[in-house]
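Reading through the structure tokens given below for one structure.
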Protein chains: 2
Amino acid sequence: METRELRYFVAVAEELHFGRAAERLGMAQPPLSRAIRQLERRLGVELLERTSRTVAMTAAGETLLDEARAVLDAVEAAERRTRRAAHTTTGQPGVVLATKAGASTEFLAKLLAAYAAEPDAVPVEVILSGIGEQTRVLRDGRADVALLHLPFDDTAGFDTEELRTERQVVLLPAGHPLGARSHVLTADVTDLPGLPLPRWPEADGTYRDGPGPQADNHAQLLQLIGLGRACAIVPESGGTSGRGDVVAVPVLDAPSVTTVIAWPPHSRSRGVAGLVRTATSL
Amino acid sequence: METRELRYFVAVAEELHFGRAAERLGMAQPPLSRAIRQLERRLGVELLERTSRTVAMTAAGETLLDEARAVLDAVEAAERRTRRAAHTTTGQPGVVLATKAGASTEFLAKLLAAYAAEPDAVPVEVILSGIGEQTRVLRDGRADVALLHLPFDDTAGFDTEELRTERQVVLLPAGHPLGARSHVLTADVTDLPGLPLPRWPEADGTYRDGPGPQADNHAQLLQLIGLGRACAIVPESGGTSGRGDVVAVPVLDAPSVTTVIAWPPHSRSRGVAGLVRTATSL
DNA sequence: AGGGCCGATACCTCTCGGGTATCGATCGCA
DNA sequence: TGCGATCGATACCCGAGAGGTATCGGCCCT
């Protein structure tokens, strides 16, 4: 199987429409039909059930769709990492670390400082990716290592080490009646009048419909809360950043958040290994 | 990047010789040279340093070699799983489980029995792969799920659940002086005169040079021990199988062995999920 | 100095990937 | 019920490019 065939199949499987898939691929429909048919012949498997009006997936097609996506991610990662390895030789950054924009900044600062002090440290570039983007960025090779937060991020397919676990707090505008409480429950802070939970972008970058302002980074979030337009439940360390207009109150029944450091399983980079060693011994 | 190019590159990188690589690929040398050169051009990266006498890897080449192997494994897995998914629909086995031949057989039996009793159980095919072969078999799609043993097997790239941890014992021929002891240390059983530790096949299927008989499965091992030709340190449960000619003595300072159940991270198979659920609640 | 090894180059062939035109089946609609 | 629209498949054509053979040119060994 060639990656070209897999790209074609993914397009058709996602569109369930040869015409649209062909358009998306920048080609005509007939060669696409032929390519898929040839793929099916070579595999000896029916991937799509076609009538002259409609296209549907078979069980085998669903399987191949999953696997093909994994392959294409791996190919993309291979290209990126190879290019980066080439430029690294000529003095560019040694390792790229992805982290949630605005989360655990002081922990990150400690980690970077401690690692830089190591004798064999290589330069570290930090990518502040959007919410839920880190796993993508790590999977497709834009980053070599990432800080993820359980149970929100999906660590499937990566090697990980747990770094620390922390409670969650609710961030409220200063002066809000609940701000004086020593603790609250989740139920206390959902549906607060005038303080909806903000909406995060979904995996595909769109926002779910519903009430609540949109935010895709921590600074925006704090801003919104300070303005009294939202509240949010976040890990303790993603705190108020010293702002006077936001207060944090522990939420007893919210699941605690574990920060992990994650990297692609076959990584053999010296920089990644060092960073992980430093992080776990922090 | 097409998988064909990656296959070519891996061949050349492994042989470090265009002529031999071409032969291995069943093609002539010139088109291979051109293909590699084109890959380098498209990536904008030098992968191999060529003189007219010798071929050497660059750092970027090393990176691509790792990544390309991962991609090719993923492609192979995609083909196999797709084919199997197609035949599954027509009544073939639902999930393939790989395990070390001869290890934890009674645990495996319990697992299979418990799973078969589940209401939504699908048929399970068991592959008894050679030592160290399970991760390979799991990675390239011949199996959907495997029982691995830490710290021997490498779980990198898989999702895992720990099942149980056990001590290790040394297996000795019946009647050996140490057989009467209540426990021993590792140092007591290395370099026993006439009882060398057997050699296992390496990842590439070859045996390391050195003393000791060769064995690649548990039955052979027990046979050798019963004959007084070897001793071996194995997990408690891989015991004597009721043979009178072999005795087991705990080794206090040997690392304890953890059995884990492992599966490819993007697996969405109902059968795998059920097996894992059954195994963890056993 | 010369022979042999090995990767690169030149040049040819022919497969196959991709395009256009068109067919045939099916669904919506009057 | 019949007509047009939609959509995948088929027929046919063309050109890029994958792969072959012959040969070159640099390098090591003797």
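All of the numbers you see were taken from the coordinates with simple rules; none came from a lab. Computed from a predicted structure; not experimentally measured. Here the Cβ is made from the backbone with ideal geometry for all residues, glycine too, and neighbour counts use every protein chain on show.
What to note about this one:
- In straight-distance terms, cross-link reach from B:Lys100 covers every one of the lysines whose alpha-carbon lies under 29 Å from its own, apart from those fewer than eight places away in the same chain; here that gives B:Lys110.
- Each 5 Å bin from zero holds the following percent of Cα-Cα pairs in segment A:1-144: 2, 9, 14, 15, 13, 11, 10, 8, 8, 6, 4, 1, 0, 0.
- For the residues B:Ala262, B:Ala70, B:Ala28, a GNM of chain B with alpha-carbon springs under 10 Å puts the largest fluctuation on B:Ala28.
- Size of electric dipole in the protein assembly as shown: Cβ of Lys, Arg +1 and of Asp, Glu -1, about Cα centre, debye, nearest 20: 1140 debye
- Inter-copy separations for A:Ala156, label at 7 Å along Cα-Cβ, nm, ascending: 2.2
- Average partner coverage of A:55-63, which counts Cβ from other chains inside 10 Å: 4
- Expected 222 nm ellipticity per residue - DSSP helices of 4 or more, -39500 (n - 2.57), all of chain B, to 500: -12000 deg cm²/dmol
- Test item: A:152-158 mean partner chain Cβ contacts at 10 Å: 3
- Using alpha-carbon coordinates, inclination of helix B:105-116 to the longest axis of chain B, degrees: 70 degrees
- Between copies, B:Gly19 shows label-point distances of 5.8 nm, shortest first, with the point placed 7 angstrom from Cα along Cα to C-beta.
- Neighbour count of at most 11 Cβ within 10 Å plus DSSP loop: longest trypsin sites (Lys or Arg not before Pro)-free window in chain A: A:54-207
- Translational diffusion of the protein assembly as shown, estimated by Stokes-Einstein from the Kirkwood radius over alpha carbon pairs at 37 °C in a medium of 0.692 mPa s, is 120 µm² per second.
- Whole-Hz ³J(HN,Hα) from phi, Karplus 6.51 cos²θ - 1.76 cosθ + 1.60, for segment B:39-50, glycine and proline x: 4, 4, 4, 5, 6, x, 9, 7, 9, 10, 9, 10
- Our coupling estimate for segment B:4-9, obtained by passing each phi through the Karplus curve with A = 6.51, B = -1.76, C = 1.60 and θ = phi - 60°, is 4, 4, 5, 4, 4, 4 Hz, Gly and Pro reported as x.
- Amide H partners (placed H, <5 Å) of B:Ile127, local residues excluded: B:Leu97, B:Ala98, B:Thr99
- Gaussian network model of chain A, Cα within-10 Å springs - most flexible of A:Thr258, A:Thr190, A:Thr54: A:Thr54
- In units of the rule-of-thumb radius 2.2 N^0.38 Å, chain B shows an alpha carbon radius of gyration of 1.23.
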